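Reviewing the structure listed below.
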Amino acid sequence: AFAGNDKKKTEMHFTTQLLTFFPAPPPPPPPPPFVYFPGEIVVNEANFVRKCINTENNQDDLWGKLICTNFKVSFIPNDDPHKRLSHKLLGEHDIPLTCLEQVVTVNDTKGKKKVLGSNQKLKFNPTELILYCKDLRILRFCFNEAGPESARKVCLAIGHYSHPADLQLLFGFEYQGRRYHEFKGERVNGYPQRTGLRTPFFDRSSDWDREIKRTSASEWRVCSINEDYIISPSLPEFIVVPVSMADQDLKQYSLYFTDMRVPLWCWNHHNGSALVRMASVVDPLTQRKTDQKIFTAITRSHPHRSEVLKSELDKCLPNILEIQNAFIKIRQICTLDPFEESEERWLSTIENSRWLEFVRAFLKQSAEIVYYLDGKNVSVIIQEEEDRDLNCVVSSLVQLMLDPHYRSLIGFQSLVQKEWVMAGHRFLDRCNHLKKNDKEESPLFVLFLDCVWQMMNQYPAAFEFTEAYLTVLSDSMWIPLFSTFLFSSSKQREFAKNKAIPSAEDPTLYFPSVWEWSLQYSTKDQTLFNNPMYVGKGAACVQNGEVKSFSRTKQKSFSSTLRGSATSLRNGLRGGEDTLPRRGSLMSELKPDFSPAKDESPSERYFKEWFSRPADLHGLLIPVLMPSHMALWKLFFLRWVPEACISKGGPITAYHKLSQLVDEIEILRSQLRQYKGASPASTPLKGQRGRPSEQRNMYFRAYSPDEPQTPPDYLTSSFPFNPAGNLCRRYVYGTPISKFLNGARIWLSTETLANDTV
Amino acid sequence: MEKSSSVDSLGSKRSSSRQPSVDSLSSTSTSRSDRSAQAKPSTLSSDSVSTSAEFSPELRVKPKAAAKKVLRDSDKEEPQLLPNETVQDNAQDVTYFCPFTGALRGTVIITNYRLFFKCTDSEFVLDLPLGVVSRVEKIGSASSRGDVSYGLVCKDMRNLRFSHKLMEDTLRKSIFEVLMKFAFPVSNGLQIFAFEYGQVFPENGWKVYDAVSEYRRQGIPNESWRITKVNDHYEMCDTYPCTLAVPVNIPDEELKRVSAFRAKGRIPVLSWIHPESQATVTRCSQPMVGVNGKRSKEDEKYLQAIMDANAQSHKLFIFDARPSVNAAANKMKGGGFESEDAYQNAELVFLDIHNIHVMRESLRKLKDVVYPNIEDSRWLSNLESTHWLEHIKLILAGALRIADKVESGKTSVVVHCSDGWDRTAQLTSLSMLMLDSYYRTIRGFEVLLEKEWLSFGHRFQLRIGHGDKNHTDADRSPVFIQFIDCVWQLTRQFPAAFEFNEYFLVTILDHLYSCLFGTFLCNSEQQRLKEDVPKRAVSLWSYINSQLEEFSNPLYVNYSNHVLFPVVSLRHLELWVGYYIRWNPRMRPQEPIHLRSKELLAKRAELQKRVDELQRDVTNRSASSSSDRAGSPTRSITPVQTFV
């Protein structure tokens, strides 16, 4: 095991020497034990490495040991004021190898620089190592005091191990044992144990059946022609198809499509229109005929036999390369460009990256499809060459807008599972985990999360989860353990299990899903995912594993013309009059009725009409699509930039206050429950504050009268992330630098916090 | 005619009821009043952002009252008139060209306070206080059909266009000429409506600010600072308030000599003092240095005294808000800046904030970009080309530097620009907002405005041009709007640090123009006193403080003694869409967070009450009767459980 005890002495000695150069640090506590996981092996390490915290001076830099394992790059500070980890897999200074974007070694004196890959040589002794990470962090290590040989070795090791030659060299294939036994048996009822709810994986027909039932898609059926992936290697084993299509026909049709991908049902509107995704037809000659057959089948599955609309996404949306370029640019602007210098042209530079333009394009396209499904009551096919990229984004956004179920946490996870994981989004290639083909890399999933964030930003009470959740989800892509993001198809996922060298007790590998949040975060930390403003639990939701179907009081009302359609259709899934939204009493008086302008497209009129009504958070939600309403997702893009960090400010302070409030309400409610249910003997004692802490849903607990209400000092606009330690540039003009340093010092781990507040 | 009618209504005192009537409260919503409180609930129409639940007048009305009112008024074609508001003219068959929905035909009513357009075919209503109108222009020549067109350019980021048939009776004036008369009362020898508006509110807003008690709150007088009455009759400086705080060891006679060296006699006086370090924020106008580099011993001694009043630091920072070029150019006009030779231990810093003309131009460009429609492409670069956010940034950055010097450097600062009533007011009030949590409360903010803006002579009359038809007046400038925008930026960065909400800020800006209240009339304290404004007009704070609930931020947490250091970077500055783009019907405002949190607060209060009741119940009841009583609270709890 790795301990490094023998070196401890010299290290301490050395530290004392350093005191002459640097102001006295507190006496070093014993170095924390290096945490490693079953299957994790230390490849190389270097001592006396300095992690740069601040470029202004070296005072706050950390000294410690830099370690490269087959899983991560780890930095163990000799003396770390905030070493307690809240992430269960990674310490504050750890970066998974898959998270490394670029490994750069520098020799200051010689003015040399080299980007390291696998199996490379280094002709100079590195004085500095800069790690550019996919989660937008940039870390800098200095080797001035480290042995030149060990510095060089650790750099080469990091370069080499971050470029695995083969999928099976990813740590997920090594990581086995404990987790396997713990989780395998609980597969069916074990997902997030916190809530007792289970995210459907859609890897079995029962999940699809339930979804069909939930959306009342009675004219659709689960089809198992692809069992054992005999038809298409990229489709899941179970797919949903029109009832009118026989397995035989499907098998035949599959030949016409790219990668044998027959059209997939995604979702049904309660008016009967369906959302279907489809790959393109291989042979243009058969295009017409194939389309015709598919259309007919889908029309048959529509209660009013209404026509089908096909939306070819390749033709109206940016391609994966453009998206990747936009992302690279905006990442560059946000994390690399000098802070102050880039101020003057900030807005136009952001515009030129085109990222927000693309975000808007995807939202707009999705809203357009919503119009057809909801306003025109027609089924829509979204088509894309491979049906594995743009379709994933659009189909999930459409469903997010139309179906409140997907705005719950479990619903959202099931949506990602259904439209991304099972539909065969090529996570392995798009993430470029193997760093083999840069042309295949594209941040479609991040783009999707940004779109979700835009909606969340506009409707903060409509989602059960928070932006911290979305950010943490994006970070999870770079931890090479989760089956969710490691593979490009179900088949690959399935087959990977058997690839590893079988050991006697573990015949197959088990890759956990990212939805097993307890692997990464404590129950308490997971409460950061909960949005205190969420007003959900309205229309459709899954409670305690039991599925409730939509309330469909207005199912029979339909009309082809928009003007004549019933109000219930216009305002989303639930009618205006039968279920009054809670805010309805306040809002219902505000219903302007715009007379139609002349040159207005029907969809514009439809949107206008929708916007003229109060939004029903349990119903259809359309984001405002004006460019002025597309915002930069600051938590994601700026969280590591110390200069952009607002101390004691940012949206988190509102979150803090709201979650305290909700917690207080939860406490009071449980007190009430105790009163009403209890026998007189069990009357709660005065001062007893509600339920045990584990069961509480809010991260920030209700304050007691003697505590200050002010947001705690560690709250910054970057929370729960900490920009201290990320590569810093000069501080903002006029802002006290002490603020940033304060931020770093008083940073507490979330666990400390939990202990304090309980 | 209108004279007598106003006398009539004064005599009759229609709404002298114990509290302001709900109707009149809601109709004070002025410039957002495109959305009317009168229309039927289901069909209220407007071309405004009427979906804004936050800013809708309806929300300020208690639901029951609203419902009643709606029933009563639903068939009326007339606006709900304010006390002493009288109809001056009306016209049928007027077309309103809504930039969003197209032409609408209807009737127009002009009162001495508003324009009221009611569409004949729909429920559309446009309700516009005439004070908002900046200019009225007759557009083009009469068309073949004999129509005349009028364009109304408004101060609140919108333009309106109407047309109607030319009157056959040529002697009769167009209704828009009548409008012009009442939109520009000052130019037409009429009274501003604020002097006629006779609403009575439970609270008297004029009493919100009292200079002496505000200084007392800050701990003044103390051993270093005293209150002087040297300007009691505005003799030393007619644009300053009568109550001033100055260093103890400078006698009044010397103050007068200092005033001779400062532009318009605006000597350095105390705005704010740090409760612990005693570092101060002082404000003044530029020194009259001139091309020859004149010096004033008294002025130099005076600044030394300001520095000495703070034992913590042996330095004084002079923040000149202007770009250094402009400051130097002022020497030609006899002004200038402090030379560091003359003022020992003082460091002069230029903050590069541009003058009122640049700001006016910037806002004009912004209006072009956001109204009526936002182009689909190049939004951000168009926004950038207006430089509006850049100006906002410079102002906030200046204020941040001041706050940082005072808080972190424990150093006193002197702030000035040229005259010390525009940029200086922005800087001192913003830095005070960062430094002192009191000003982040509703009443504290009112005090801040009364003090730093109104009493220190920000020339509201000139900058806004109340009731004045001279729209090209070079003295007009959105300095105050810019300040409110900066405050909004702060509330965005610190959503829990302010007691007031966005609606409060929008309301202030709306009544900046509406001329309904006396608060923003005149240019100085002296003028307001001379015009007897507090006696003759109602304070905006009377209206606001009579319904604080509507203006409160439920997320408010008292950051007591916490200094706010915003990040002054374009990364965090945003265009205030809730104000500048609110007329666009495509804009649904952000989901009103404060409504949701208000619900939470109400729910908490309700639950707390119930728990308390039950607790009392439990203690009181005897063991034997317990089972009987258990039922009733259970039933009453049920609705609560649908929540969260």
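Derivation of every value follows stated rules applied to the coordinates shown; laboratory data play no part. Just so we're clear, the structure is a prediction, and the values are computed from it rather than from any experiment. Cβ atoms come from the backbone with ideal geometry, glycine included; neighbour counts cover every protein chain shown.
Sorted on the mean count of surrounding Cβ atoms within 10 Å across their residues, most packed first, peptides A:68-75, B:90-97 read A:68-75, B:90-97. With the cut-off at under 20 Å, measuring from each backbone N in the stretch B:513-531 to a point 7 Å along the Cα-to-Cβ line of B:Asn204 picks out B:517-521, B:525-531.
Report the FRET efficiency, 1/(1 + (r/R0)^6), for B:Ser560 and B:Ser213, where r is their Cβ-Cβ distance and R0 is 25 Å, rounded to 0.05. Intermediate values should be presented prior to the final figure.
Details: r = 20 Å, r/R0 = 0.79.
Efficiency at R0 = 25 Å is approximately 0.80.
First check a/c for the stretch B:188-298, with a ≥ b ≥ c the square roots of the eigenvalues of its C-alpha gyration tensor; if it is under 1.5, answer rounded, and if not, answer prolate when a/b is larger than b/c or oblate otherwise. Cα axes put the stretch B:188-298 in the oblate bin. Here the stretch A:236-278 and the stretch B:535-573 have alpha carbon centers that stand 56 Å from each other. Other residues lying with their Cβ under 12 Å from the Cβ of B:Val269 contribute a combined charge of +4, Lys and Arg counting +1, Asp and Glu -1. Which of the residue pairs A:Lys648/B:Lys603; A:Lys65/A:Lys134; A:Lys435/A:Lys634; A:Lys88/A:Lys364; B:Lys155/B:Lys333 have a Cα-Cα distance greater than 29 Å in the structure shown? The answer is A:Lys88/A:Lys364; B:Lys155/B:Lys333. Please label the shape of the stretch A:59-175 as rounded, prolate or oblate, based on the square roots a ≥ b ≥ c of the eigenvalues of the alpha-carbon gyration tensor (a/c under 1.5 means rounded; beyond that, a/b larger than b/c means prolate, else oblate). Oblate, because a/c is 1.5 or more while a/b does not exceed b/c. For A:Trp220, the residues whose modelled amide H falls within less than 5 Å of its own, excluding neighbours fewer than 5 places apart on the same chain, are A:Val243.
Considering only alpha-carbon pairs that sit under 8 angstrom and 6 or more positions apart, the relative contact order computed for the stretch B:148-247 is 13 percent.
Around the amide H of A:Leu309, modelled in the peptide plane, lie the amide H atoms of A:Ser379, A:Val380, A:Ile381, all under 5 Å away and 5 or more residues distant in sequence or on another chain. Applying the Karplus relation 6.51 cos²θ - 1.76 cosθ + 1.60 with θ = phi - 60° to the stretch A:651-660 yields 3J(HN,Hα) values of x, 4, 5, 5, 4, 4, 5, 5, 6, 4 Hz, where x marks Gly and Pro. Taking a ≥ b ≥ c as the square roots of the Cα gyration tensor eigenvalues, the stretch B:404-560 comes out oblate, since a/c reaches at least 1.5 and a/b does not exceed b/c.
Exposure proxy shown here: for B:Tyr197, A:Tyr36, the number of other Cβ atoms within 10 Å sets the order, fewest to most, as A:Tyr36, B:Tyr197. Legend: residue pairs A:Lys113/A:Lys439; A:Lys293/A:Lys418; B:Lys138/B:Lys367; A:Lys329/A:Lys436; B:Lys294/B:Lys315; B:Lys207/B:Lys609, Cα-Cα distance threshold 27 Å; pairs beyond threshold, B:Lys207/B:Lys609. Fewest-first ordering of A:Trp515, B:Trp272 by other beta carbons within 10 Å of each residue's beta carbon gives A:Trp515, B:Trp272. Projecting the Cα atoms of B:Thr282, B:Asn292, B:Ala327 onto the dipole axis of the stretch B:268-424, where Lys and Arg carry +1 and Asp and Glu carry -1 at the beta carbon, places B:Asn292 farthest toward the positive end.
The slack in the chain from B:Asp93 to B:Lys294, taken as 0.36 nm per residue of separation less the alpha-carbon distance, amounts to 65.7 nm.
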